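Asks: One structure is given below, represented as structure tokens, and several questions about it will come after.
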Amino acid sequence: MDFRSDTVTKPTEEMRKAMLNAEVGDDVYGEDPTVNRLETLAAKILGKEDALFVTSGTQGNQVAILTHCRPGDEIILEAESHIFLYEAGAASALAGVQTRPIRGIKGAMEPSDVKKAIRSDDIHHPYSGLICLENTHNKAGGKVIPIQTMKAIYEIAREKDVPVHLDGARLFNAAVAAGVPVTEFTQYVDTVQVCLSKGLSAPVGSILAGSKSFIKEARKWRKRLGGGLRQVGVLAAPGIVALEKMVDRLAEDHANARQLAEGLSTIPGLQVDVDGVETNIILCNIKETGLSNEQFLTRMKEAGILAVPFDDGVIRFVTHREVTGDMVQIAVQRIRQLIG
Ligand code: TLP
């Protein structure tokens, strides 16, 4: 039972068939009809003029930073955001930008803190090149950043002429949890990256969306990074299935996450903020068990359950298409036993 991440989901039968039958061409020439179809569909769903198929969420975020910024710029982002914590320092290594982390509450930066962080026109200061948001927020435990917060930050950003990028690796989870179309969120950002390869179950790929001129330049950056692929329709085809067929079922993952959180919270020594589980990520504090993360994860592994360490004394569980309600019940029973 693999609760490590929703990235572990394998392509569905329908995706495999779509891959087999995909019409392809050379995408560097813009001639892959399946990639073109995916990009047009994604742009429409995300409410943007154009979109670009990229190899990963990290590549999507980094192409966005490279396209928006120049070396020496500063990007404002949440202190526990994926771009800051988990992209191997790529923003500095590739785009040459410096990061300005702002601590948020449940992953959401206070608009007033963002406003204060935007640099003035002083000779000593870097330019504020970009504001990055993340929704849902991974490290905060899959929290949905409220639309109102995004709107307030966007209004400040526009006033100061700073673009806003959204790391929406799990934006469809946010939309399903909030019961609104993704455009309710994306209307308040200039560019957005969404992952096809997480809960949506495609094997590979992300989408970067924005204005026509932005995507034209982003395409150049993707090429510079070696991301100009050829007959890549075989990978875009399952992405189309992901967007058309796999979004609504994310609600099942959220229901299973709730169940798992409730079950774990009844086990002595484990602490879970059940009401704080808004989507498919559960953070479980194990400190009171007296076990280290490593000991806890080893015992779980012996019992056939995989999860990942997230912080000192905190384990992350993620639900996805390959975790059923029955598996959740069994996992809770086994964890109860292994702690006892
Ligand atoms: N997150 C992975 C790990 O890298 C931590 C996971 O298992 O959750 N933005 C966010 C918010 C993400 O959670 C991730 C992946 C990415 C970007 C990067 O996507 P990939 O892995 O496709 O580069």
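The values are calculated or read from the model by the stated rules, or taken from the named source; none is laboratory data. What you see is a predicted model; the values in this text were computed from it and never measured. Note that we place each Cβ from the backbone using ideal geometry, even for glycine, and neighbour counts take in every protein chain shown.
Asks: Restricting attention to the range 30-66, and to residues there that are free of Cβ contacts under 8 Å to residues at least 40 places away in the same chain and in a helix (DSSP H, G or I), which single residue is nearest to Asn135 (Cα to Cα)?
Replies: So, considering only residues that are free of Cβ contacts under 8 Å to residues at least 40 places away in the same chain and in a helix (DSSP H, G or I), the one nearest to Asn135 (Cα to Cα) is Thr58.
Asks: Just for the range 93-144: of the residues that are among the hydroxyl-bearing types (Ser, Thr, Tyr) and crowded, with 21+ Cβ neighbours inside 10 Å, which one is nearest to the ligand (Cβ to nearest atom)?
Replies: Thr136
Asks: Select from the range 306-318 the residues that are surrounded by fewer than 19 Cβ atoms within 10 Å (Cβ to Cβ) and either touching a residue at least 60 places away in the same chain (Cβ under 8 Å) or in a loop (DSSP other than H, G, I, E, B) (or both) and write down the one among them that is nearest to the ligand (Cβ to nearest atom).
Replies: The selected residue is Val308.
Asks: Do any helices (runs of 4 or more DSSP H) lying entirely in the range 204-278 carry at least 3 residues that are among the acidic types (Asp, Glu), and which ones are they?
Replies: Here the list reads 250-265.
Asks: When residues of the range 1-31 are filtered for being away from the ligand (no atom under 15 Å from the Cβ) and in contact with a His (Cβ under 6 Å, 6 or more places away or on another chain), how many remain?
Replies: 0
Asks: Based on what the data block shows, is Arg321 basic (Lys, Arg), within 16 Å of the ligand (Cβ to nearest atom) and outside the structural domain of Pro181 (by TED's automatic domain parsing)?
Replies: Yes.
Asks: Taking Ser56 as the residue in question, decide whether it is of a type outside the set (Asp, Glu), closer than 28 Å to Ala242 by Cβ, surrounded by 22 or more Cβ atoms within 10 Å (Cβ to Cβ) and within 11 Å of the ligand (Cβ to nearest atom).
Replies: It is false that Ser56 is of a type outside the set (Asp, Glu), closer than 28 Å to Ala242 by Cβ, surrounded by 22 or more Cβ atoms within 10 Å (Cβ to Cβ) and within 11 Å of the ligand (Cβ to nearest atom).
Asks: Could I ask something else about it? Could you check the range 186-203 and list, in sequence order, the residues that are in a loop (DSSP other than H, G, I, E, B) and within 17 Å of Leu243 (Cβ to Cβ)?
Replies: Leu196, Ser197, Lys198, Gly199, Leu200, Ser201, Ala202, Pro203
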